[in-house]
Amino acid sequence: MFKGLIVIDNDAIDYSLDLMEVVQQLAGTEEVSIYGLGINLTKKMIGPDIMINVNDPRIAYKDSRVVATIVEQVHKKYQFDSIIFLATDFGRMVAPRVAMRLKVGLVADITDIQVDKRGKKLVRPAFSGNIMASIVCESSPIMASVHPNVFHLNYFNQDTEQEVFVIKEMVAPSMEVLEIHEMNTTGSDIREAEVLVSAGGGFSEPIEQLQRLAEALAGSISVSKSVVDQKKASREIQVGQSGKTVSPNLYIALGIYGSTQHIEGLKNIKDIISVNTDLGAPMNYLASIVVHGDAAEFVRKLTTKIEG
Ligand SMILES: Cc1cc2nc3c(=O)[nH]c(=O)nc-3n(C[C@H](O)[C@H](O)[C@H](O)COP(=O)(O)OP(=O)(O)OC[C@H]3O[C@@H](n4cnc5c(N)ncnc54)[C@H](O)[C@@H]3O)c2cc1C
């Protein structure tokens, strides 16, 4: 029996459940049992075969040291074959600490899993995304983190068994929360968008110029890292390896070259329209429609046309 744990991120519960697919794929042909770990969840959660609930008001949920200790204690009891985290800020803080404590490796940001006679291989980009590395994990448990939206769940247990785990030793908090400031958010999540109007380094206008087109297409605005680096947009709407993974039906790439790190953030996209002054840009080879020309002019003309 392959026992896999998924650690729930309270701020991304649906994406956390998608991690069950990672466990399924790691199990291969073995029988599998999927455990979820929920810390101070506000409601009962179903989906995994067994939910381990840790509820203790003393736990500062965002305190990665404390959470790592809890994951370690839970693992000591259940002895998992794999522990999978979502690569959110929360998961990125906790996963390496758990790996250190269990003295095993951690494969961050995996994009694929291959199970064959030679073992279970976790695939992730390496050397700035120029190659995809297949990493064989010889230590146990297999530990990995996964970007939201990269894997999608195919399994859901409606009769999840609920267990309560009581922490034996509570570590002293490593931080004290003094104030909480909500981040400025755009309100919509680009991962949910059906249409994305996406600006790259070749889009010379301010990003706000895309608002009308995005609205006319009932879509959202996203950007490449180059736009974020120019401080023209927030990282919250960045597509790619160090941004978000998106799956819209239509992706309009405005002056985006198509680097491997950017392409990595595009999953299951139906159609891409690429607008670029360089016909040889790699993004064009992924596109259903290529527009050879200036991206800003394209936006102006298309917006006028659609708005009639
Ligand atoms: C560890 C790491 C992580 C990274 N993570 C990400 C990530 O998450 N997301 C991401 O996007 N990148 C990421 N990058 C950066 C990535 O390598 C590229 O530098 C970046 O994607 C380039 O953005 P771009 O294509 O928009 O801009 P550029 O590389 O500047 O390309 C601009 C494109 O626009 C075209 N163009 C120029 N003028 C016009 C015009 N007037 N009209 C139309 N087209 C025009 C050009 O021909 C070119 O194809 C990462 C890099 C590293 C090393």
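Decide, for the stretch 190-307, between rounded, prolate and oblate: order the square roots of the alpha carbon gyration tensor eigenvalues as a ≥ b ≥ c, take rounded if a/c falls under 1.5, and otherwise choose prolate if a/b is larger than b/c, else oblate. Rounded shape, in that the Cα axes give a/c under 1.5. Computed from label points 7 Å out along Cα-Cβ, the spacing between M93 and K77 is 2.4 nm. To the nearest 10 degrees, how steep is helix 64-78 against the longest Cα principal axis of the chain, on a 0 to 90 scale? So the helix axis and the longest Cα principal axis differ by about 50 degrees. Counted without the sites themselves, the longest stretch of the chain free of GluC sites (Glu not before Pro) in a DSSP loop having at most 16 other beta carbon atoms within 10 Å is 195-308.
If each DSSP helix of 4+ residues adds -39,500 (n - 2.57) and the sum is divided by the residues in the chain, what number results at 222 nm, nearest 500 deg cm²/dmol? That calculation yields -7000 deg cm²/dmol at 222 nm.
Taking each of K77/K168; K76/K103; K3/K121; K44/K244 in turn, the alpha-carbon distance tops 19 angstrom for K44/K244.
Each residue in F298, F127, F151 was given a count of other beta-carbon atoms within 10 angstrom of its own, and listing them fewest first yields F127, F298, F151. The trypsin sites (Lys or Arg not before Pro) of the stretch 200-308 that meet both conditions, a loop assignment by DSSP and at most 12 other Cβ atoms within 10 Å of the site Cβ, are K231, K270. With a Förster radius of 25 Å applied to the C-beta separation of N154 and S188, the computed FRET efficiency comes to 0.40.
Starting from the Cα-Cα distance between R65 and E169, subtract it from 0.36 nm times their residue separation and give me the gain in nm to one decimal.
The R65-E169 span can extend by a further 36.1 nm.
Cross-link reach is defined here as a Cα-Cα straight distance under 13 Å, omitting same-chain residues fewer than 8 places apart; for K301 none of the aspartates and glutamates meet it. Restricting attention to the chain, close to 20% of DSSP beta bridges with both partner residues there are antiparallel. Helix 295-307 and the longest principal axis of the Cα set of the chain meet at an angle near 90°.
Between helix 89-102 and the chain there is an angle of about 40 degrees, using the helix long axis and the longest principal axis of the Cα atoms.
Each value in this text was obtained by applying a stated rule to the coordinates, not by laboratory testing. Everything quoted here is computed from the prediction, not taken from an experiment. Every residue, glycine among them, receives a Cβ derived from its backbone with ideal geometry; neighbour counts consider all protein chains shown.
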